[in-house]
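Following: one structure in structure tokens, then a few remarks.
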Amino acid sequence: MNHTLMNIAYLFASVLFILGIKGMTHPRTAVRGNLMSAVGMLIAVAVTVPDVVGTDGLTIVIAGLIVGAAVGMFLARWV
């Protein structure tokens, strides 16, 4: 991926993180703030992982992300 596009994606992810944290300060906007932060994290991971891992280990990373997300969703039901 082009480094300029990566930097733009990182900037966009940072803005989403900041807006997400701001949104989590009020109960009425907390769900939207959490969603914005999650999308920012998804963008940051989607840009970073292929650059660092490459295409060889990408399936292992994706499998780990799916397992971790499933466990997190299961455990979040008790919170």
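No lab work stands behind these numbers, since they all come straight from the coordinates. Computed from a prediction, not measured in an experiment: that's the story for all the values here. Every residue, glycine among them, receives a Cβ derived from its backbone with ideal geometry; neighbour counts consider all protein chains shown.
Is segment 3-76 rounded, prolate or oblate when judged by the Cα gyration tensor, a ≥ b ≥ c being the square roots of its eigenvalues, rounded requiring a/c under 1.5 and prolate requiring a/b larger than b/c? Taking the square roots of the gyration eigenvalues as a ≥ b ≥ c, segment 3-76 is oblate.
3J(HN,Hα) couplings calculated from phi for segment 5-18 with the Karplus curve 6.51 cos²θ - 1.76 cosθ + 1.60 (θ = phi - 60°) are, in sequence order, 5, 5, 5, 5, 5, 4, 5, 5, 5, 5, 4, 5, 4, 5 Hz; Gly and Pro show x. Site pair I8 and I62 shows an inter-label distance of 2.4 nm when each label is modelled 7 Å from Cα along Cα→Cβ.
Were the residues from T29 through V15 laid out at 0.36 nm apart, the gain over their Cα-Cα distance would be 3.4 nm. Estimated from helical segments only, the mean residue ellipticity of the chain at 222 nm is -28000 deg cm²/dmol, where each DSSP H run of four or more residues counts as -39500 (n - 2.57).
What the phi angles of segment 26-36 give under the Karplus curve with 6.51, -1.76 and 1.60, with θ = phi - 60°, is a coupling list of 10, x, 5, 10, 5, 5, 5, x, 5, 5, 5 Hz, glycine and proline written as x. Spin-label model, T48/M73: points 7 Å from Cα along the beta carbon direction are separated by 2.3 nm. Backbone geometry of segment 37-47 corresponds, through the Karplus equation with coefficients 6.51, -1.76 and 1.60 at θ = phi - 60°, to 3J(HN,Hα) couplings of 5, 5, 5, x, 5, 4, 5, 4, 5, 5, 7 Hz, x marking Gly and Pro.
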